[in-house]
Structures are given as C-alpha cells and as structure tokens.
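Data first, discussion second: the structure below is written as structure tokens.
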Amino acid sequence: MSGGIWLARHGETDANAEGRVQGTVDPPLNERGREQAHELARQAAPLGLHALYTSQLRRARETAEIVGQELGLEPRVDARFAESWRGEWEGRLIADIRAEDPDGWAGSLAVEPDFRFPGGESLEEHAARVEAGLADVARGPLPALVVCHGGTIRRVFAARRPEGLTDLAVPNASLTRVGDAHG
C-alpha cells in the first residue's frame, strides 16, 4: 500500500469548526487539529515515506511539522499546494454563502474549470499550479506525502475522475493515495 504520492488535508482549525471558508486566510491549528496531525503521523508511518511536502499556509505547515517530527522528515514548503484563493468568500460562513449564492456555492464544488471564486482564483488556475507541483514531487523520492487542503485534494481528483466530485468529502487530516501523479 505504500509507493506513489499521498495527499493529506491539514488538521482542524477554529475556522473549520465554525464552518468558515478559509482559502488563503492563515489560521493555526486548534487543539483537535494538533491531535489529528499526530494521528495522521501514525497512519502515515507504515508507508515508508521518503519525502514530505506542505503548502506554505500555517495550518498545513503545522500539520506537516508534527508529521515530520514523528517520522524523521523535514517538510519542504511549496506554495503550489496552497488552497485556492477564494476572494470575497474568505472568512465567511459557508451557510451564509450557500444561502446568498446557492449557484455560486454549487459551482465551487463542481469540476467546471472556468468557475472563479468571486474576486479570487479560478479552479483551472488552482489545478494548473497543483499539477505542476505534483509533477515535481513525482520526479523526487517516493513515496511522498503532500500536506495540503481540501480544495487542493479535490482539484487532484477532478483531474483524474471528475464524476461525482461534488460529493467528495475530504475530512481534516485524512490520508488519500494518488499513486502515479500523471497516470
């Protein structure tokens, strides 16, 4: 079950617990998030990881630092794995966005590459930088773990199996195998 590239979402933040859109907002992990990061390290230990990458956002970096400490790996920061820039939605409650802009919210969950967050990044732009990062990870030592974000993981899977992604749950500190990043 080891080999290839693994993705993990960061541990929980207070904004996650409150149901807020984070995007590029940069909160720290909360206590539960730190516990989740330790559990993620235990889950990742049998994978025999040779490399650990993380987005520059604090919640992912903190998660990767905890995993790295437990596994003896130094996280490599790569901004291409950051969450999408969600523009005017950042910091807002998901429930409010759903109520005020149900079509926009549905568009953000779909795999339509031309969807753009109001005042923010398009899904196509997000996907392009994530795929470029994964291509570099694939050229390095494997297996590798990339600690990133829910939207980032959704973009990876949208590129590989777009059907059904509106229902793809990406829990905090979850571990998902990508395998061959370009196959």
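The values are calculated or read from the model by the stated rules, or taken from the named source; none is laboratory data. Keep in mind that this is a model prediction, so the values were computed, not measured. Virtual Cβ from ideal backbone geometry, glycine too; neighbours counted across all protein chains shown. For the accessible areas, the whole protein counts, side chains as well, though only heavy atoms, and no ligand, DNA or RNA atoms are used. Shrake-Rupley method; radii C 1.70, N 1.55, O 1.52, S 1.80 Å.
For the range 81-94, does any single residue satisfy the condition of being in contact with a helix residue (DSSP H, G or I) (Cβ under 6 Å, 6 or more places away or on another chain), loosely packed, with under 13 Cβ neighbours inside 10 Å and not in a helix (DSSP H, G or I)? The answer is no, given that none of the residues of the range 81-94 is in contact with a helix residue (DSSP H, G or I) (Cβ under 6 Å, 6 or more places away or on another chain), loosely packed, with under 13 Cβ neighbours inside 10 Å and not in a helix (DSSP H, G or I). Taken over the range 1-22, the criterion of being at pLDDT below 95 and closer than 21 Å to R80 by Cβ is satisfied by G4 alone. Pairs meeting the criteria (first residue in the range 123-142 and closer than 17 Å to Q56 by Cα, second residue aromatic (F, W, Y), beta carbons under 7 Å, at least 6 apart or on different chains) are V130/F81; G133/F81; V137/Y53. Scan the range 99-132 for residues that are out of contact with any strand residue (DSSP E or B) (no Cβ under 9 Å at 6 or more places or on another chain) and not in a helix (DSSP H, G or I) and the total you get is 9.
Residues in the range 20-34 that are under 18 Å from the mean Cα position of the chain (by Cα), assigned to a helix (DSSP H, G or I) and charged (D, E, K, R): how many?
Within the range 20-34, residues that are under 18 Å from the mean Cα position of the chain (by Cα), assigned to a helix (DSSP H, G or I) and charged (D, E, K, R) number 2.
Annotation note: Cβ proximity below 7 Å between a residue of the range 12-23 that is under 22 Å from H38 (Cα atoms) and charged (D, E, K, R) and a residue that is open to solvent by 10 Å² or more (accessible area, probe 1.4 Å) and not in a strand (DSSP E or B) (sequence gap 6+ or interchain) occurs for E12/N30; E12/R32; E12/Q36; E12/N172; D14/P27; D14/N30.
Could you tell me which of the residues A17, A45, A64, A8 is touching a helix residue (DSSP H, G or I) at 6+ places or on another chain (Cβ under 9 Å), surrounded by 21 or more Cβ atoms within 10 Å (Cβ to Cβ) and either of a type in the set (D, E, K, R) or assigned to a helix (DSSP H, G or I) (or both)? Let's see the steps before the verdict.
Working: A17 fails: surrounded by 21 or more Cβ atoms within 10 Å (Cβ to Cβ); A45 fails: surrounded by 21 or more Cβ atoms within 10 Å (Cβ to Cβ); A8 fails: either of a type in the set (D, E, K, R) or assigned to a helix (DSSP H, G or I) (or both).
Every option except A64 fails the conditions.
Could you look through the range 27-37, keep only residues that are surrounded by fewer than 16 Cβ atoms within 10 Å (Cβ to Cβ) and out of contact with any Gly (no Cβ under 8 Å at 6 or more places or on another chain), and pick out the one that is nearest to I5 (Cα to Cα)? For the range 27-37, the residue satisfying everything is P28.
May I ask you to list the residues in the range 95-122 that are touching a Phe, Trp or Tyr at 6+ places or on another chain (Cβ under 7 Å), free of Cβ contacts under 8 Å to residues at least 24 places away in the same chain and surrounded by 15 or more Cβ atoms within 10 Å (Cβ to Cβ)? Correct list: G107, S108, S122. Exactly one residue among E70, E74 is touching a residue at least 24 places away in the same chain (Cβ under 8 Å), farther than 17 Å from G150 by Cα and either open to solvent by 60 Å² or more (accessible area, probe 1.4 Å) or in a loop (DSSP other than H, G, I, E, B) (or both), and that residue is E70. In this structure, is G68 small (G, A, S), in contact with a Leu (Cβ under 6 Å, 6 or more places away or on another chain) and more than 17 Å from V130 (Cβ to Cβ)? In short, yes.
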